[in-house]
Amino acid sequence: MGKYDFLIVGAGLFGAVFAQEAGKAGKSCLVVDRRSHIAGNIYTKEMEGIQVHAYGAHIFHTSNKEVWDYVNQFAEFNRYTNAPVANYKGEIYNMPFNMNTFHKLWGVVTPREAREKIEEQKRSCAVEHPKNLEEQAISLVGPDVYHKLVKGYTEKQWGKRATELPSFIIKRLPVRFTYDNNYFDDSFQGIPIGGYTKMVERMLEGVEVRLNENFLEKRSQYEGLADTIVYTGMVDEYFGYCFGELEYRSLRFETEVLDEVNYQGNAVVNYTEYEVPYTRVIEHKHFEYGTQPKTVVTREYPQVWNKGDEPYYPMNDGKNTELYKKYQGLAEKEGNVVFGGRLGQYRYFDMDDTIEAALACARENI
Ligand SMILES: Cc1cc2nc3c(=O)[nH]c(=O)nc-3n(C[C@H](O)[C@H](O)[C@H](O)COP(=O)(O)OP(=O)(O)OC[C@H]3O[C@@H](n4cnc5c(N)ncnc54)[C@H](O)[C@@H]3O)c2cc1C
């Protein structure tokens, strides 16, 4: 018998939800994280009175009422609605592609005119069997939307030209024939007032947390401490990369404080031309309708991932999916260890998916 019922590796959202549920069921937990802070990738830190999303902009959105009620126990959410704009060579377009975008592109006013224009555009470049991402995207939305709003952004995201990327990366390019700039279709959306870190802090209330602790470096010390381990780190690292490394796309963030009240007038501005090296500029105060005298902006640069870099997006292509299956096989045989979260399951999870998965994991294992 260990000293704790659960050792939770990772104080991110998955680990925090699991710890909260275990605590409610009267179980004891120890949470360790190798970072110097809790909340994993949803960590927000205060700068100039503004909550800065340190690992990329995070907007909470879900259609799952259970998950929405769950997070609302730990934070009050504001009415933030994600409505990014795209900047293409100084021209501003609304996203996702909607009537505002089409009006700006072609001067069309009614949905019928917009549909006709898109069909005309698609016909002008019809490709029966798209061989690459460029042909695929053009066959979905036509050349104007593609060249101004899709091409450069996608090429920067993947670090490759669109003609070298496989067509399956873009299955759909949703177009909306209303003047609605809300990026998400979900029923519930918002930003926790005061930041995500405060929300996770409340989830972890009463739970013992040790920071700056790498479980894998102190494995023998930690393994005996608990009956069950919930591991939310990288699954390949846990097994010493014995089958090789799973690949990711990474990001680099450049954050600066500006001595002005309002830099770009919106929380999220996408830069869709290839020549601008970053994909997005985030102005954090707009997530909370801030009126502080200064502002904080972050430029996002997509990066090739090398071992040791922050892993952001799993590459769910054929090669990596096969490799993950091998690790999954080992994970299933690992007696008292449960693998969870975006790194433990090598899957892109939105925050609501993470909570849903952690609640299911808690139901199964507590
Ligand atoms: C750039 C970006 C933007 C995103 N934006 C959104 C958004 O707008 N909306 C949305 O819903 N979702 C968004 N997400 C998804 C969201 O970040 C995830 O759903 C969430 O962070 C997953 O939580 P997690 O606990 O699984 O992982 P993590 O937050 O990564 O937590 C895992 C923790 O485990 C720790 N750890 C790993 N290995 C060890 C070890 N050996 N020892 C000790 N500790 C260890 C890590 O330090 C980390 O803190 C975004 C993701 C990215 C990459």
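Build a GNM of the chain with springs between Cα atoms under 10 Å apart, and of R219, R34, R249 the one that fluctuates most is R219.
If you run the Gaussian network model on the chain, springs between alpha carbon atoms under 10 Å, then out of E134, E164, E310 the most flexible one is E164.
Extension gain, S63-E237: 0.36 nm per intervening residue step, less the Cα-Cα distance, totals 59.3 nm.
In debye to the nearest 20, how big a dipole does the chain give about its Cα centre with +1 on each Lys and Arg Cβ and -1 on each Asp and Glu Cβ? Write out the running numbers ahead of the final one.
Numbers: 43 positive and 53 negative charges, 92 e Å.
With Lys and Arg at +1 and Asp and Glu at -1, about 440 debye.
For the pair T321 and R210, what calculated FRET efficiency results from E = 1/(1 + (r/R0)^6), where r is the Cβ-Cβ distance and R0 = 35 Å, to the nearest 0.05? It would help to have the intermediate numbers written out before the result.
Values: r = 34 Å, r/R0 = 0.97.
Efficiency for this residue pair is about 0.55.
Dipole magnitude for the stretch 96-172: computed about the Cα centre from +1 point charges on Lys and Arg Cβ and -1 point charges on Asp and Glu Cβ, it is near 220 debye. Our estimate of slack between R35 and E334, defined as 0.36 nm per intervening residue step minus the Cα-Cα distance, is 105.1 nm. For the pair T178 and E120, the difference between a 0.36 nm per residue extended length and the Cα-Cα distance amounts to 18.9 nm. In the chain, the calculated helix contribution to ellipticity at 222 nm averages -8500 deg cm²/dmol per residue, counting -39,500 (n - 2.57) for every DSSP H run with n ≥ 4. With each label modelled as a point 7 angstrom along the Cα→C-beta vector, the R161-T291 pair spans 5.2 nm.
Output the relative contact order of the chain, whole-number percent, from Cα pairs under 8 angstrom with separation of 6+ residues. Don't skip to the end; give the middle numbers.
Values: 695 pairs, mean separation 98.2, N = 366.
RCO, the chain: 27 percent.
Defining a contact as two alpha carbons under 8 Å apart and six or more residues distant in sequence, what relative contact order in percent does the stretch 96-172 show?
28
Angle of helix 13-24 to the longest C-alpha principal axis of the chain, folded into 0 to 90 degrees and rounded to 10: 40°.
For V281, neighbours were defined as the other residues whose beta-carbon sits under 9 Å from its Cβ, and their charges (Lys and Arg +1, Asp and Glu -1) total 0. Nearest 0.05, what FRET efficiency do V109 and I366 give at R0 = 56 Å with Cβ-Cβ as r? In this case the efficiency is close to 0.50.
Each DSSP beta bridge with both residues in the chain is either parallel or antiparallel, and the antiparallel ones are about 65%. Label-to-label distance for K307 and V257 is 3.9 nm, based on points extended 7 Å past Cα in the beta-carbon direction. Going by neighbour counts of Cβ atoms within 10 Å, the residues K285, K198 line up, fewest first, as K198, K285. Approximating the spin labels as points 7 Å out from Cα along Cα→Cβ, the F168-to-E128 distance works out to 2.3 nm.
Report the semi-axes of the equivalent ellipsoid for the chain in whole Å, largest first, where each axis is √(5λ) for an eigenvalue λ of the Cα gyration tensor.
Working: eigenvalues 301, 124, 69 Å².
Square roots of five times the eigenvalues give 39, 25, 19 Å.
Every number in this text was worked out from the coordinates using simple rules, so none of it is lab data. From a predicted model like this one, the values you see are computed outputs, not experimental measurements. For neighbour counting, all protein chains shown are included, and Cβ atoms are generated from backbone atoms with ideal geometry for every residue, glycine included.
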